[in-house]
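Here's the structure we're looking at; comments come further down.
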Amino acid sequence: MNYLRPFTVQIVSRNNSTASNVFVNRNPRNLERIRIARKPDGYHLDKPGRKFWHKLSLTSSNRTVTAQVVHYINGPVIEAKTSEWALRKQLYSIKDTSAYINLGRVFAQRCLESGISEIYCDIKPVEGGKVDRFLKEVVNGGIKLEEPETYKKPSPWDRYRPEKPWEVAEE
Amino acid sequence: MLTTFRGTRTAHVLLQHIRLAHRIRGKAPIYCRTIKDRIDEINYKDELYTSRIDIGLPKTKNETRNARLSRLEHLKNLKADQKLEQLARNFELQIDLDETKKDWLQTCGPKQKKQVADHYAIFEHLYGEGYFIPYLNLEVLYDLKDGSYLPVYTGNVIKPAEALEYPAVNYESDADSLWTLALTSLDGHLTENDKEYVHWLVANIPGNSVEKGDTIVEYMQPFPLKGTGYHRYVFVLYKQNGPLSYNIKKVTSTSVLRDRTFVTRDWYKQYQDNITPAGLAFYQSHWDNTVRDFFHSVLHRKEPVYEYDFPKPYIRPQEWFPRRKPFNIYMDKYRDPKEINKEYLLRKLKTEDPFKMPPPPLKFPNAQPLPKNMPSWLKLHEKKIRLRWGRVNDV
């Protein structure tokens, strides 16, 4: 697994004998958040593509509309349905445009509560349609519908030195 | 190769995908595995290691026939509500998110919380094969001092500056039951990476008043180290069978960090007959300035700084007579990078004067003439330095 690669000490001039030289962060989402983890590559001829960590999937059946965050290894992680009692209790219909709009609001809230704010989305909605309104609500809720690029460490002979994402966040 | 396809399995092969004029590289499509098959094979784990045990409280049965009937009645009323219909048809129907949240926690919330916790490998690192479904909603609120509160849900990000003091904890409980609350960091241990630090441990909490419990380990702020990314901090609420005295040394805010070393799995194993996990909340945190202050003022030591260890780039073995390679770039690849950086640094220091203002950067760096007798490779090298491309950035 690529998230078990060790972090090693940057050269610290004064010796820290109490801290270990190699630090392993076991958090499986850490490398994805600091943009170092790999995305599954090699499927660029497939449609839909698979180059993502988290993907937004919206499926509608005759009886319900389901919005999910799908992780490329772990599968569906966060889920919101219009047929679950929490939503259905207050909706007039569980398939109409209002249902899509409210599903978007609830879904965005659940994603933020779970610490996922950037999701890959390959849905191309018809403008002004149900799906479009759903996606707009998700964006209004504070979710970004694209994932950042993976950070590639520049080799010494490369022209540019891109910013290190884990240093930008510090301000 | 064709003979291969005349076998019994020919029916599964789409012949249009096989370019018969070419030799097929690798195994024939009917025999070779897809990349997914191969990854699954690598990641395969025996059932012995993947089977899990539910260590939590059972679900309380609240679904009765009457509740189901009242739900149906409610839905019927919704359909008959003309006001609601008008709102829905005009796309103005906005449901109450707080109420939705409350209902969600009563119905499918706990299971989805468990799903998210699995995504963050919380149970795996807390209990190994054990897991639980957090049927009890644990509300943890950090006071931001400006009248607002920052709640802990399942994996939201809270900075160390926002979590300097212990949070307010709230949950539903009857007055006579006893609880234990533990806050541990799963990723924060400085020396042993598979151990945890316990940041807060309160035992024998009567009802939901945490202040009345016995504080065994006093609260300590989160300290995710610089350069190590996001650390997880987990609150777990355990239900006790009766009054308990844990065999743990009392830790105050002035004791050494070593005393806080903790392994939840071993601790839980020791007391598993008396405590049962019921509530869960966790957050992620990453470095900010208060961590440095914490190391200097509380731990009295220098703050360790880490950087991710990227794999080294591949450089092919050096040749005596490389063809079609620019000699300076080629030779630089096999030199010690420190030596190269020193050259750039010396060059930079040559023009710098500590008592003078640095000259303003050139507006059109490539429009400055270079000597006519300068070789072209050196001209390119100079231009790269002027434009700040490549190795000059490493100094």
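Going 7 Å from the Cα of B:VAL157 along its beta-carbon direction, which residues of segment B:265-300 have the amide nitrogen within less than 12 Å of the resulting point? Those under the cut-off are B:284-288. Residues B:HIS199, A:HIS44, B:HIS22, sorted by accessible area with the largest first, give A:HIS44, B:HIS22, B:HIS199 [1.4 Å probe; ligands and nucleic acids excluded].
So how strong a dipole does chain A carry about its Cα centre when Lys and Arg Cβ are +1 and Asp and Glu Cβ are -1, to the nearest 20 debye? The dipole of chain A has a size of about 320 debye. Please give the helix B:337-351 orientation as an angle from the longest Cα principal axis of chain B, in degrees from 0 to 90, rounded to the nearest 10. Between helix and principal axis, roughly 70 degrees. Please give the FRET efficiency for A:TYR72 paired with B:ILE55, using the beta carbon to beta carbon distance and R0 = 35 Å, rounded to the nearest 0.05. Result of the calculation: an efficiency of 0.75.
Cross-link partners of B:LYS348 among aspartates and glutamates, defined as those whose alpha carbon lies under 14 angstrom from its own and excluding same-chain residues fewer than eight positions apart: B:GLU382, B:ASP394.
Centre-to-centre, using Cα atoms only, segment B:182-208 and segment A:51-123 are separated by 33 Å.
Residues considered: B:PRO365, B:PRO167, B:PRO222. Largest GNM mean-square fluctuation over chain B, using C-alpha springs under 10 Å, is found at B:PRO365. B:PHE294 contributes an accessible area of around 10 Å² to the protein surface, as traced by a 1.4 Å probe with all chains present. Using a cutoff of 8 angstrom between alpha carbon atoms and counting only pairs six or more residues apart, the relative contact order for segment B:295-395 works out to 24 percent.
The accessible-area ordering, largest first, of the residues B:ARG232, B:ARG316, B:ARG89 stands as B:ARG89, B:ARG316, B:ARG232, per a 1.4 angstrom probe. If R₀ is 22 angstrom, what is the calculated FRET efficiency for the pair B:SER255 and B:LYS212, using the beta carbon separation as r and rounding to 0.05? The formula returns an efficiency of 0.45 here. Normalised by the number of residues in chain B, the average gap of Cα pairs under 8 Å and 6 or more apart makes the relative contact order 13 percent. Please give the helix B:109-119 orientation as an angle from the longest Cα principal axis of chain B, in degrees from 0 to 90, rounded to the nearest 10. Orientation of helix B:109-119: about 30 degrees from the principal axis.
Across the accessible surface of the protein assembly as shown, with the other protein chains kept in place and a 1.4 Å probe, carbon and sulfur atoms take up 52 percent.
Distance between the pseudo-spin-label points of B:TYR149 and B:ASP394 (7 Å out from Cα toward the beta carbon): 5.3 nm.
For B:LYS356 and A:GLU146, the FRET efficiency from 1/(1 + (r/R0)^6), where r spans their Cβ atoms and R0 equals 45 Å, is about 0.45. A 1.4 Å probe run over chain A, with the rest of the protein chains in place, finds 52 Å² accessible per residue. Considering chain B as a Gaussian network with a 10 Å cut-off on Cα pairs, which listed residue, B:PRO313, B:PRO29, B:PRO361, attains the greatest mean-square fluctuation? Checking each option, the largest mean-square fluctuation is seen for B:PRO361.
Surface calculation, 1.4 Å probe, protein heavy atoms: A:GLU149 sits at approximately 140 Å² accessible.
A Gaussian network model of chain B, with springs between Cα atoms under 10 Å, assigns the largest mean-square fluctuation among B:ILE35, B:ILE340, B:ILE248 to B:ILE340.
Exceeding 19 Å between C-alpha atoms, which entries from my cross-link table qualify? They are A:LYS164/B:LYS342; A:LYS89/B:LYS113; B:LYS76/B:LYS113; A:LYS136/B:LYS111; B:LYS212/B:LYS239; B:LYS159/B:LYS250. It would help to have the intermediate numbers written out before the result.
Working: A:LYS164/B:LYS342 23 Å; A:LYS89/B:LYS113 21 Å; B:LYS76/B:LYS113 31 Å; A:LYS136/B:LYS111 28 Å; B:LYS212/B:LYS239 16 Å; B:LYS159/B:LYS250 27 Å.
Correct reply: A:LYS164/B:LYS342; A:LYS89/B:LYS113; B:LYS76/B:LYS113; A:LYS136/B:LYS111; B:LYS159/B:LYS250.
Helix A:97-113 versus the longest principal axis of chain A: what is the Cα-based angle in degrees, 0 to 90, to the nearest 10? The helix A:97-113 is inclined about 20 degrees to chain A.
Chains B and A together bury some 7200 Å² of accessible area, summed over both sides, with a 1.4 Å probe.
A DSSP coil position with no more than 10 other Cβ atoms inside 10 Å describes the following trypsin sites (Lys or Arg not before Pro) in segment A:46-122: A:ARG63.
With both labels modelled 7 Å from their Cα along Cα-to-Cβ, the A:GLU118 to B:GLU382 distance reads 4.2 nm. List the residues of segment A:61-100 whose backbone N lies under 16 Å from a point placed 7 Å from the Cα of A:ASP46 along the Cα-to-Cβ direction. Flagged as within label range: A:70-76.
Ligands, DNA and RNA excluded, the heavy atoms of A:GLU163 present near 140 Å² of accessible surface to a 1.4 Å solvent probe.
Pairs with C-alpha atoms separated by more than 31 Å, drawn from the list B:LYS102/B:LYS195; A:LYS144/B:LYS333; A:LYS130/B:LYS102, are B:LYS102/B:LYS195; A:LYS144/B:LYS333.
For segment B:51-115 versus segment B:215-267, the spacing of their alpha-carbon centroids is 36 Å.
The modelled label-to-label distance for the pair B:LEU345/B:GLN270, using points 7 Å beyond Cα in the direction of Cβ, is 5.0 nm. A 1.4 Å probe run over chain B, with the rest of the protein chains in place, finds 64 Å² accessible per residue. Within segment B:324-353, which trypsin sites (Lys or Arg not before Pro) sit in a loop by DSSP and count at most 12 neighbouring Cβ atoms inside 10 Å? Answer by residue number: B:ARG324, B:ARG335. Shown in residue order for segment B:161-169 are the 3J(HN,Hα) couplings computed by the Karplus curve 6.51 cos²θ - 1.76 cosθ + 1.60 at θ = phi - 60°: 5, 8, 10, 6, 10, 5, x, 7, 10 Hz (x for Gly and Pro).
Measuring how big segment B:350-395 is from its alpha-carbon positions, Rg and Dmax come out at 12.5, 35 Å. For segment B:216-247, accessible area lost to neighbouring protein chains reaches 50 Å² or more, against the chain alone with a 1.4 Å probe, at B:THR228, B:TYR230.
The values are calculated or read from the model by the stated rules, or taken from the named source; none is laboratory data. Just so we're clear, the structure is a prediction, and the values are computed from it rather than from any experiment. Backbone-built Cβ (ideal geometry, glycine too); neighbour counts: all protein chains shown. Accessible surface is based on the protein model in full, side chains and every heavy atom, while ligands, DNA and RNA are left aside. Shrake-Rupley method; radii C 1.70, N 1.55, O 1.52, S 1.80 Å.
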